[in-house]
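Trainee: Structure provided below as structure tokens; questions to follow.
The values are calculated or read from the model by the stated rules, or taken from the named source; none is laboratory data. Here the structure is a predicted model, which means the values were calculated and not measured. Counting neighbours? That spans all protein chains shown, and the Cβs are built from the backbone with ideal geometry, glycine included.
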Amino acid sequence: MPEETINTGMREDPILPAYKKTALLIGSYVMLIFLLRYAAVIVITLVDKAMDSARADATVNYITQLSMSALFLQILPSVIGAFMFRYIGNEGRSIKSFYTIPKSNTRAIGNFTAVYGFAHIFNLITIVVTYFLTSIFDFSKQLNTVADETSYGMGGALMTAFLLVVIAPIFEEFMFRGLILNELKPYGNGLSIFVSGILFGIFHGNFQQCFYTTAFGIALGYIANVTNSIFPTTIIHMITNGIAAVTVLLMNTDSVQRFILHGDQAEIPDSDMIWVAFYGIFMVSVLILIFVGFITAIMKIRQIKRYRTPKVWGEVKNGRKVGILLCTVPAIISMLMIIDTYGGFSRSLITSIIYGGDAG
């Protein structure tokens with residue numbers, strides 16, 4: 001056969017087998033994350049039942065639940081993931097490389113306003129969509145699939161703030177912008193940014209946070225990709241969660257709670273009105289930040305149009321890459337668990353079994 005008639009279209013890209021192994025690893029890791037979420041639901045429900053039977057203090061119970069949630073959702077996945085992705089027990093990889101402070105660190109962190117605004121664009125869309133859907137479906141059980149969002153007293157608020165500002169940013173950045181993004185990066189910047197961002201959004205396990213955190217994750221993924229570091233993204237994550245933490249702390253002061261619940265300043269001592277005033281100023285400042293962030297995000301997005309994802313391997317399209325990723329057995333199992341998590345089916349069943357059908 002003449003050489004020019006040989007069909008080269010059937011040749012497999014030489015890097016494709018390596019990508020298939022990576023897809024299998026990513027799928028397995030996502031499956032692990034959601035298996036640990038199931039474990040968290042079981043452990044937290046058992047702890048809650050035990051403490052309720054022992055008439056334990058509600059604040060202690062809540063702090064314990066938060067601790068178990070952090071252990072199973074963030075700390076254990078990070079530690080196990082470090083082994084799975086060979087950053088522990090292998091001299092060829094170093095976790096320290098994730099945290100190299102880039103030369104553009106200050107500039108990267110300066111993108112916080114744009115990142116915050118970009119995420120809140122999607123948050124606004126989610127609020128509008130949820131407003132219309134709640135008239136048809138009940139999303140109340142999907143607000144948080146692990147622990148109750150309401151804190152109990154200032155002790156619970158302080159623990160919530162600590163998890164928001166310290167634990168979540170450090171471990172979640174390691175999981176998604178560290179392990180997953182860096183593992184996919186050799187196969188395309190765009191692929192690594194969007195897959196890690198979408199998985200980050202799904203990870204939060206509830207409809208109302210999913211789109212906001214997905215947008216947030218994609219923005220952080222872009223910064224991590226450009227700077228080759230998760231140091232600036234961890235700082236941005238801490239600042240963003242810090243705003244939520246301050247809100248939680250203020251809302252757990254007696255004066256602010258009375259003001260929010262009753263709106264009657266006459267019931268609030270003059271000495272405590274400073275907290276109400278500070279709360280009002282803080283919330284107005286946040287709204288201004290969101291508005292400025294909207295504008296900044298739009299300007300940044302226009303600039304990003306000049307960014308092009310380089311072709312790293314052959315003619316394999318991103319669609320095929322995603323298809324390979326989704327068609328692994330662990331990924332299929334993960335998708336089933338994600339559907340279950342968002343529907344709250346297993347959580348309801350687990351709660352019913354543990355409480356003997358008496359769960360409210």
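Trainee: Looking at (1) at pLDDT 90 or above; (2) farther than 25 Å from residue 352 by Cβ, which is the only condition residue 72 fails?
Mentor: Failing condition for residue 72: (2).
Trainee: Which of (1) in contact with a Gly (Cβ under 8 Å, 6 or more places away or on another chain); (2) at pLDDT 95 or above; (3) buried (at least 20 other Cβ atoms within 10 Å of the Cβ) is the odd one out, the single condition residue 236 does not satisfy?
Mentor: Going through (1) in contact with a Gly (Cβ under 8 Å, 6 or more places away or on another chain); (2) at pLDDT 95 or above; (3) buried (at least 20 other Cβ atoms within 10 Å of the Cβ) one by one, residue 236 breaks only (1).
Trainee: Would you confirm whether or not the range 77-90 contains a residue that is at positive phi and modelled with pLDDT of 85 or more? Write out each step before concluding.
Mentor: Of all residues in the range 77-90, those at positive phi come to 86, 89.
So of that shortlist, the ones also modelled with pLDDT of 85 or more come out as 86.
Yes: the range 77-90 contains one or more residues that are at positive phi and modelled with pLDDT of 85 or more.
Trainee: Now a separate question. Listed residues 45, 64; which is out of contact with any Ser or Thr (no Cβ under 8 Å at 6 or more places or on another chain), polar (S, T, N, Q) and assigned to a helix (DSSP H, G or I)? Spell out the reasoning first.
Mentor: Values: 45 fails: out of contact with any Ser or Thr (no Cβ under 8 Å at 6 or more places or on another chain).
64 is the lone residue from the list that is out of contact with any Ser or Thr (no Cβ under 8 Å at 6 or more places or on another chain), polar (S, T, N, Q) and assigned to a helix (DSSP H, G or I).
Trainee: How many residues does the range 156-171 contain that are surrounded by fewer than 20 Cβ atoms within 10 Å (Cβ to Cβ) and under 9 Å from residue 249 (Cα atoms)?
Mentor: 1
Trainee: Collect the residues in the range 63-98 that are hydroxyl-bearing (Ser, Thr, Tyr) and in contact with a Gly (Cβ under 9 Å, 6 or more places away or on another chain), keeping them in residue-number order. So that I can check it myself, show each step before the final result.
Mentor: Of all residues in the range 63-98, those hydroxyl-bearing (Ser, Thr, Tyr) come to 64, 67, 69, 78, 87, 94, 97.
78, 87, listed by residue number.
Trainee: Restricting the range 204-233 to residues that are touching a Pro at 6+ places or on another chain (Cβ under 7 Å) and of a type in the set (Ser, Thr, Tyr), which is surrounded by the most Cβ atoms within 10 Å (Cβ to Cβ)?
Mentor: Checked the range 204-233; the qualifying residue surrounded by the most Cβ atoms within 10 Å (Cβ to Cβ) is 229.
Trainee: Then there is this: Hand me the list of helices (runs of 4 or more DSSP H) wholly inside the range 146-256 holding 1 or more residues that are within 30 Å of residue 57 (Cβ to Cβ). Steps first, please.
Mentor: Numbers: elements: 153-162, 168-172, 181-184, 189-203, 207-227, 231-251.
Counting at least 1 such residues, we get 153-162, 168-172, 207-227, 231-251.
Trainee: Under the condition of being at pLDDT 65 or above and surrounded by 15 or more Cβ atoms within 10 Å (Cβ to Cβ), which residue from the range 286-314 is farthest from residue 112 (Cα to Cα)? Walk me through how you get there before you give the answer.
Mentor: Narrowing the range 286-314 to residues at pLDDT 65 or above: 286-304.
With surrounded by 15 or more Cβ atoms within 10 Å (Cβ to Cβ) added as a condition, the list becomes 286, 289-290, 293-294, 296-297, 300.
Details: 286: 13, 289: 10, 290: 11, 293: 8, 294: 12, 296: 10, 297: 10, 300: 11 Å.
So the residue we want is 286.
Trainee: Another question, if that's okay. Quick check: is even one residue across the range 29-45 more than 30 Å from residue 339 (Cα to Cα) and of a type in the set (A, V, I, L, M, F, W, C)? Break it down stepwise before answering.
Mentor: In the first step, residues of the range 29-45 are kept if they are more than 30 Å from residue 339 (Cα to Cα); the result is none.
There is no residue in the range 29-45 that is more than 30 Å from residue 339 (Cα to Cα) and of a type in the set (A, V, I, L, M, F, W, C).
Trainee: Is there any pair with a first residue in the range 225-251 that is more than 21 Å from residue 190 (Cβ to Cβ) and of a type outside the set (Gly, Ala, Ser) and a second that is at pLDDT below 95 and not in a helix (DSSP H, G or I) whose Cβ atoms are under 6 Å apart and which are 6 or more apart or on different chains, and what are they?
Mentor: Going by the 6 Å Cβ cut-off, the qualifying pairs are 231/101.
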